[in-house]
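This report concerns only the one structure given below.
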Amino acid sequence: MANPAHDDASTRGHSASSLTATAVDLVREVGMEGFTVRELARRAGVFPTTVSHHLGDLEAVRRAVSDAVIAMVEIPPPPTRPDRWRTWLERLALDGYQVIARHPGTYLYIARVGPSCPSQVAIIDATMQVLVAAGLDDHEAALTYGAFIGHIGQSADLAAMMNLHAAERPERRAEFIATVTGVAGLHPGLAAALPTFAEWDHDEAFRYGLDRLLDGIEMRLSAS
């Protein structure tokens, strides 16, 4: 027999989409690995069984969240000409970085479980079509896609995790500088890098790596 109190207080007015939206908000605050079904239910004001009814277990919730997050990434319209691939990739990368950097742990989760959601498949398909049209064969385009999306996701997830633990950063930075300064005199290469490492800018590092990656694709296409 159905529980009337459960129906009234928990199920009514809730749906898979509304619970997913609440889960996405929770991920922004605690990261993909930082919540439970019980915590999501508490935040949504429902019973855990309501979450299970609409979304499934914790792994299913995370899949729904990853799909919802990646769906926020704007896939640019197809390039008007094959040689405009660089602008297309750059637009996708910049938007993808900004989205993932707001949702800690999303990319690492996707990397662990694979591209199992529609929004992820859409990005793979669109990017592969652009790379193949630009002149790469299927195999090299797939490898290029992996390097491209890996740089975006890993850079964004690192920035997201650092932001998630922003309160700890001054103390960690001071510890890092003290530790490295103590040995920098013995390692000239490390000493040269210390000023940049001490003031590390995740956005700048992401953009630098993206530019070098796109330069490499351009060189490869020019040589073919």
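Brief remarks on what is shown
- Take the Cα radius of gyration of segment 87-161 and divide it by 2.2 N^0.38 Å, N being the number of residues; the result is 1.08.
- Counting only alpha carbon atoms, the long axis of helix 58-70 and the longest principal axis of the chain meet at about 50°.
- Percentage, to the nearest whole number, of Cα pairs in segment 38-159 over 18 Å apart: 56
- Using heavy atoms of the protein chains and a probe of 1.4 Å, the accessible area assigned to residue 168 is about 80 Å².
- Within the chain: Cβ-based charge dipole about Cα centre, in debye rounded to nearest 20 (Lys, Arg +1; Asp, Glu -1): 240
- Full extension of the segment from residue 201 to residue 222, taken as 0.36 nm per residue of separation minus the current Cα-Cα distance, would add 4.4 nm.
- Convex hull volume per residue in cubic angstrom - Cα atoms of segment 97-224: 137
- Rounded if a/c under 1.5, otherwise prolate or oblate - the chain, Cα gyration tensor axes: oblate
- Solvent-accessible area per residue in the chain equals 55 Å², computed with a 1.4 angstrom probe and all protein chains kept.
- Paramagnetic label zone (point 7 Å from Cα along Cα-to-C-beta, residue 215; backbone N under 17 Å) in segment 71-94: 86-87, 90
The values are calculated or read from the model by the stated rules, or taken from the named source; none is laboratory data. Fair warning: this is a prediction, and the values are worked out from it, not measured in the lab. Glycine also receives a Cβ, built like all others from the backbone with ideal geometry; neighbour counts cover every protein chain displayed. To get the accessible areas, we keep the full protein, side chains included, count just its heavy atoms, and leave off ligands, DNA and RNA. Shrake-Rupley method; radii C 1.70, N 1.55, O 1.52, S 1.80 Å.
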